[in-house]
Structures are given as C-alpha cells and as structure tokens.
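Worksheet: one structure, shown below.
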C-alpha cells in the first residue's frame, strides 16, 4: 500500500541551527501539507502546497519556515533558525484531491536544545 | 473561525463494550467533519468523513459517526471494542469551500481497551 515516508524520524538540534525535514509523498498525489504537534497540544496546520506553490499557510508559518519540492518526489520543510518552541512532531501529508482525505507520514520528532 | 472540541482526553473501555468518543464543532459555514486515528508509532489515518450527504457515516474497522447539526456534534461510536482499537483519535473540521485540505484538529482522545 502506498505510504508517505518521512526522514529523519527524530532530530536533535541546537537553538539557532537550520533544520530540514524531508518527506516523500504518495507518488500520484498533487497536494502536500505540513502539520505539527507540540507535545500535549493539538495537531496544527502549517502549510499546504499545490502546483509548486504555497496555497495556504497558518500564522505559525512565518519567515523562518519554507517548503520546497526540489525534485518532483521529495517535499521538504526548512526551519532556518530553530527556536526552543519549534520542538514538536512534524507530520507531512499528501492528498489526491479528496477534501480532507489526507495521508500522513509517521512524523519527524524535532527536539531543539 | 472553526474549531472542534473533543470531550475527554482519555477514555477507557472494556473489550466488547461500546466505544463513544465525543466531538463538538463550531463553524459559521457548513463543515466537512472527519475522524482520524493514530496507532502507536504511525501516522494519522482517515477513519471516516462527513461531507453533507448521509448524516450517519460508516468508516473502517466498524466505526461510525453521526452528524447532528442541532447539537453541533459528530460523535464516534463502535458497538463492541476490540483490543486493536487502542489508539489516539482525532476529530477534525474543514469548511466546505476549502479545497486546500486544511484541517482543524481537536486535541485528541486516547482510547484504552481493557481485556
């Protein structure tokens, strides 16, 4: 069964460092997303991406964040200068277009020290 | 603004007992509503969705949910719990007009099933 894969599963970084989280969406999907979940809190929408551009982003997704689909298969989330409050589980998801029918990866846990 | 509230961060039932996980939504426009499940060490998986057709929606693994507009609720039920149902369950909402796939999640309910 096709699945969304994410790497790394866990990353520990120092505050101020750049982090890139990688995702391989399901191959025929056209819509891509990043969500995050801070420990003990809700899963929060960060950004959606379609047709090689951001279609929607939340207030959380400030200038420190960027997304890219560099090679037609990977979908990356970059955090330029990490803060302590960026520590969270980051979920990548993709969709073939059915509203709300998202396929999630297992998540990348980011710990900022 | 849209939101969902899940009553109870943790629910424990005995195997074979009824499962009832509560979700109430707030939306100024007709919503789409969803239940997602997350098994340990896995990503979220769509369980079922309501998209303004039948108010009683059936999903995978014997789960179903009923949309009640008068109560602004979308509770998830299963007649008989199985050990394999132990997981975290998330209710989510999306406005009908939003084709971008943005979901607003509740805080999640962890379901434990006792033998």
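Annotations
- Residues of region A:26-64 with amide N under 16 Å of the 7 Å Cα→Cβ point at residue B:60: A:26
- In region A:61-113, Cα pairs under 8 Å separated by at least six residues give a relative contact order of 30 percent.
- Sequence-distant contacts, meaning Cα pairs under 8 Å at least 6 residues apart, place the relative contact order of chain A at 39 percent.
- Length-normalised contact order of chain B in % [C-alpha pairs under 8 Å, at least 6 apart]: 38
- Taking 25 °C and 0.890 mPa s as conditions, chain B diffuses translationally at an estimated 174 µm²/s according to Stokes-Einstein applied to its Kirkwood radius (Cα pairs).
- Separation of region B:17-42 and region A:31-77, taken as the distance between their Cα centroids, equals 22 angstrom.
- In nm, spacing of pseudo-spin labels at residue B:69 and residue B:110 (7 Å Cα→C-beta vector): 3.8
- Counting, for every residue in A:100-110, the Cβ atoms of other protein chains within 10 Å of its Cβ and taking the mean gives 5.
- Inter-label distance, nm, simple model (7 Å from Cα along the C-beta direction), residue B:29/residue A:30: 2.0
- A simple spin-label model places the labels of residue A:84 and residue A:58 2.2 nm from each other, with each point 7 Å out along Cα-to-Cβ.
- Most fluctuating residue given options B:92, B:81, B:17, as computed from a GNM of chain B linking Cα atoms under 10 Å: B:17
The numbers here are math on the coordinates, done by the rules we state, and not lab data. Here the structure is a predicted model, which means the values were calculated and not measured. Heads up, the Cβs are rebuilt from the backbone with ideal geometry, glycines too, and the neighbour counts pull from every protein chain shown.
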